[in-house]
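Throughout, read-outs are computed from the coordinates displayed, never taken from laboratory work. Here the structure is a predicted model, which is why all the values come from computation and not from measurement. Glycine also receives a Cβ, built like all others from the backbone with ideal geometry; neighbour counts cover every protein chain displayed.
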């Protein structure tokens, strides 16, 4: 639920969702990919090592 609400709050529309036991895959507009990754990393407190 956190992933969907995070994307929704940033007006990032999910075009397609698929799921498995260990994965959720979403298709979004290519122009929004970088923003989506950034906000999801923030929401889930994932640090990116450069």
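Name, by its number, the condition in (1) within 12 Å of the chain's Cα centre (by Cα); (2) outside any loop (DSSP other than H, G, I, E, B) that does not hold for residue 11. Only one criterion in (1) within 12 Å of the chain's Cα centre (by Cα); (2) outside any loop (DSSP other than H, G, I, E, B) is unmet by residue 11, namely (2).
Quick grid of which residues meet (1) in a helix (DSSP H, G or I); (2) loosely packed, with under 13 Cβ neighbours inside 10 Å; (3) touching a residue at least 60 places away in the same chain (Cβ under 8 Å):
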position: 15; (1), (2), (3): no, yes, no
position: 18; (1), (2), (3): no, yes, no
position: 21; (1), (2), (3): no, yes, no
position: 34; (1), (2), (3): yes, yes, no
position: 40; (1), (2), (3): yes, no, no
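Can you pull out every residue in segment 26-50 that is more than 14 Å from residue 2 (Cα to Cα) and in contact with a strand residue (DSSP E or B) (Cβ under 7 Å, 6 or more places away or on another chain)? Listed by number, the residues that qualify are 27, 28. Screening residue 6 against (1) surrounded by 14 or more Cβ atoms within 10 Å (Cβ to Cβ); (2) outside any helix (DSSP H, G or I) leaves a single unmet condition, (2). Among the conditions (1) in contact with a helix residue (DSSP H, G or I) (Cβ under 8 Å, 6 or more places away or on another chain); (2) in a strand (DSSP E or B); (3) loosely packed, with under 10 Cβ neighbours inside 10 Å, residue 46 misses just one, which is (2).
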